[in-house]
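Structure first, then comments.
The values are calculated or read from the model by the stated rules, or taken from the named source; none is laboratory data. Note that this is a predicted model, so its numbers are computed, not measured. Note: ideal-geometry Cβ built from the backbone for every residue, glycine included; neighbour counts use all protein chains shown. Protein only, heavy atoms only, side chains kept; ligands, DNA and RNA dropped before computing areas. Shrake-Rupley method; radii C 1.70, N 1.55, O 1.52, S 1.80 Å.
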Amino acid sequence: VSLSATGTVAPVSIGPSPLHFDNPPCGGPAAPSQAVTIKNSSTSPVTFTATLGLGAASPYAIDVQSGSVAASGQGVIHVTPSPIPVPGNITAGFYDDTLTVSTNAPGAIPVVIPLKESASGAILALTMATSAFGTVSNTTATLPFTVTNTGNAVVTVAVGATGANFAAMLTGSDVVAAGGGTAQGNASFTAKTNAPATGTLTVSSISGAVCNVPQPIALSATGAV
């Protein structure tokens, strides 16, 4: 069987592709920048342009938008991601974009480089069946609450209460697993005066990134001494 072919070598190569920026945490430092190299193997200089798919709304920045590459030379475009904000989105690929590099090399077509990044962190929520203690007479009353983490990273939490004579504590582990893990606790009110009182129950992270701002729960009670 006779075989035949004609080989061609692209005068300009651009890469690597895609660029993966892993899973940086919400509220943490940005992932390190990465470089895209334009290699010109031809005997003539070429010019290039570089654009981000999302433009000004892109979660990335590039240090060079256009330039030239000498014959048998190379140029570099540095791609730098922005820090993941709080609140952040943990949907896979939410911070993806593309970098398109075009050159005037004969027969060259634009190279589209996917930029891949997803955020990591906890998504915390406080829930209570009821947060109204009603009338509390000469004692300390408690009501249960639950901390739920629907994020994609484990977190160690602390709880607290504001308002006179309110308090809060966890009744088990303070480590809350990702993907729906929970921690249990009790809010309390101690009757010390004959008056209505209001407060709030809060949760925060001791260790681990949190991608949302957990909403506090309003507490109410009436002391009877």
Reported set for region 190-218 where residues are of a type in the set (A, V, I, L, M), open to solvent by 60 Å² or more (accessible area, probe 1.4 Å) and not in a strand (DSSP E or B) is V213
Can you find a residue in region 80-93 that is over 24 Å from V176 (Cα atoms) and either more than 34 Å from the chain's Cα centre (by Cα) or not in a loop (DSSP other than H, G, I, E, B) (or both)? yes
Taking region 34-55 and keeping residues under 40 Å from the mean Cα position of the chain (by Cα), touching a residue at least 24 places away in the same chain (Cβ under 8 Å) and open to solvent by less than 60 Å² (accessible area, probe 1.4 Å) leaves Q34, A35, V36, T37, I38, N40, V46, F48, A50, L52, G53
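Could you run through region 17-74 and say how many residues are of a type in the set (F, W, Y) and within 20 Å of G93 (Cβ to Cβ)? Can you show your working first?
The first filter runs over region 17-74 and keeps only residues of a type in the set (F, W, Y), leaving 21, 48, 60.
From what is left, the residues that are within 20 Å of G93 (Cβ to Cβ) are 21, 60.
Number of matching residues: 2.
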By residue number, the members of region 164-189 that are in a strand (DSSP E or B) and buried (at least 17 other Cβ atoms within 10 Å of the Cβ) are F166, A167, A168, L170, V176, G181, A183, G185, A187, S188, F189
Residue hits (region 81-108; at pLDDT below 95 and open to solvent by less than 50 Å² (accessible area, probe 1.4 Å)) are A105, A108
